[in-house]
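Undergrad: Please find one structure pasted underneath; my questions will follow.
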Amino acid sequence: MTAFLVAVLAGYGVHLLSSAALLGWQGAGPGPRALTPRARRRTRPHLDAWLAQAGLGEVAPREFVAIVVGFLIIGAFGGVVVFGGALPALVLGVFAASVPIATYRARRARNREHSREAWPRLIDEIRILTGSAGRSIPQALFEVGASGPRELRPAFEAAHRQWLLSTDFGHTLAVLKAGLADPTADATCETLLIAHELGGTDLGHRLDALAEDRRQDTHGRKDALAKQAGVRFARRFVLIVPMGMALVGLSIGNGREAYQSAFGQFVVVVALALVVVCWIWAGRIMRLPDEERVFP
């Protein structure tokens, strides 16, 4: 019963921490307090952009926090079943709560990688349509978006609806940038906006230079990821080997009783903490720098 209460308190504590970090909620209540306009502008756009980059723009922040708390409770319950103690359950629950965040980050990374690979081709198509094909800039943009990658189409469709309603290209590109939340999309949209408002004959040269720059960046990232392939595969053993050894220890002699002793609980907590630290450290040293958005 004590372990269950500790797990519930730990889950509520993670809920408070995650809601404060992601949503800007304050206080000890389960719901939000009234946010100042500055806090609302600071927290929601960042979280909305993060979810949009993961292809989860339709997921509400409360749903995301609820998933995190649910994984924490499941992890804490599993820790109680396996190790029979409150502290190991707390550590395991906190680590399990990071699974949805890590999953969304991985999905965000995949979507951004697909976007980086697609944008040079999309920019070239826009250049051809606005040049030799004689399309207007909005028409070329929406034609390219309709045939683009599946991950990018919802943002282009939302921007197209905005264009049909308002015919305001600035607001249309703002909708597109918010839906894509991508640095290359920002630069492309700003280039198209300037060309649409001011005109000129050098749009093709600018788009060609932008596409070539994006190709070089994509090739460099692919080379770096290829060199890290073996290390990324070995990183998984940081989780698999310790957890396998822990499960084997339960079935050998008095392994379960040893886990439930005071010294056993201390060793389990230290071991779990080392696994988490090694996993985070290995991920950080292999992380490629993200390109910052200049025109969010």
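Undergrad: Scan segment 150-163 and report the pairs whose first residue is closer than 12 Å to L122 by Cβ and among the acidic types (D, E) and whose second residue is surrounded by fewer than 16 Cβ atoms within 10 Å (Cβ to Cβ) and modelled with pLDDT of 90 or more, with Cβ atoms within less than 9 Å and a gap of 6+ or a chain change.
TA: No pair meets every condition.
Undergrad: Yes or no: F266 modelled with pLDDT of 80 or more, of a type in the set (F, W, Y), out of contact with any His (no Cβ under 8 Å at 6 or more places or on another chain) and more than 21 Å from A106 (Cβ to Cβ)? Steps first, answer last, please.
TA: Details: modelled with pLDDT of 80 or more: yes; of a type in the set (F, W, Y): yes; out of contact with any His (no Cβ under 8 Å at 6 or more places or on another chain): yes; more than 21 Å from A106 (Cβ to Cβ): yes.
In short, yes.
Undergrad: Next question. All but one of (1) farther than 25 Å from E63 by Cβ; (2) surrounded by 19 or more Cβ atoms within 10 Å (Cβ to Cβ); (3) hydrophobic (A, V, I, L, M, F, W, C) hold for I128; which doesn't?
TA: Of everything listed in (1) farther than 25 Å from E63 by Cβ; (2) surrounded by 19 or more Cβ atoms within 10 Å (Cβ to Cβ); (3) hydrophobic (A, V, I, L, M, F, W, C), I128 misses just condition (2).
Undergrad: Continuing with the same structure: Taking segment 174-195 as the search range and keeping residues that are touching a helix residue (DSSP H, G or I) at 6+ places or on another chain (Cβ under 8 Å) and without any contact (Cβ under 8 Å) to a residue 40 or more places away in the chain, which one is surrounded by the most Cβ atoms within 10 Å (Cβ to Cβ)?
TA: L176
Undergrad: Only one of these is within 24 Å of the chain's Cα centre (by Cα) and of a type in the set (F, W, Y): F169, F237, F266. Name it.
TA: On the way: F169 fails: within 24 Å of the chain's Cα centre (by Cα); F266 fails: within 24 Å of the chain's Cα centre (by Cα).
The match here is F237.
Undergrad: Continuing with the same structure: Looking at R112 and the list (1) under 30 Å from I280 (Cα atoms); (2) surrounded by fewer than 20 Cβ atoms within 10 Å (Cβ to Cβ); (3) of a type in the set (D, E, K, R), which single condition is not satisfied?
TA: (2)
Undergrad: Let me ask something else about it. In segment 105-152, which residues are more than 19 Å from the chain's Cα centre (by Cα), part of a helix (DSSP H, G or I) and not hydrophobic (A, V, I, L, M, F, W, C)?
TA: Scanning segment 105-152 gives P120, R121, D124, E125, R127, T130, P138, Q139, E143, G145.
Undergrad: Need pairs with beta-carbon distance below 6 Å; first residue closer than 15 Å to S136 by Cβ and within segment 196-209, second part of a helix (DSSP H, G or I); sequence gap 6+ or separate chains.
TA: Partner pairs satisfying both residue conditions: H196/I137; H196/F169; L203/A195; G204/R127; L207/I123; L207/R127.
Undergrad: Do you know which of the residues in segment 181-225 that are in a helix (DSSP H, G or I) and polar (S, T, N, Q) is farthest from P120 (Cα to Cα)?
TA: If we filter segment 181-225 for residues that are in a helix (DSSP H, G or I), which is where we start, we get 183-198, 203-225.
Still in the list and also polar (S, T, N, Q): 184, 188, 191, 216, 218.
Working: T184: 9, T188: 10, T191: 14, Q216: 10, T218: 9 Å.
Residue satisfying both the conditions and the ranking: T191.
Undergrad: R161: outside any helix (DSSP H, G or I) and surrounded by fewer than 19 Cβ atoms within 10 Å (Cβ to Cβ), yes or no? Outline the logic, then answer.
TA: Working: outside any helix (DSSP H, G or I): no; surrounded by fewer than 19 Cβ atoms within 10 Å (Cβ to Cβ): yes.
No; evaluated as a whole, the condition is false for this residue.
Undergrad: Report, ordered by the first and then the second residue, all pairs with beta carbons closer than 8 Å, sequence separation of six or more or different chains, a first member in segment 239-250 that is surrounded by 11 or more Cβ atoms within 10 Å (Cβ to Cβ), and a second member that is small (G, A, S) and in a helix (DSSP H, G or I).
TA: Pairs that qualify, where the first residue is surrounded by 11 or more Cβ atoms within 10 Å (Cβ to Cβ) and the partner is small (G, A, S) and in a helix (DSSP H, G or I), are P242/A271; A246/A271; G249/G255; G249/A258.
The values are calculated or read from the model by the stated rules, or taken from the named source; none is laboratory data. Being a predicted model, the structure only gives us computed values, none of them experimental. Note: ideal-geometry Cβ built from the backbone for every residue, glycine included; neighbour counts use all protein chains shown.
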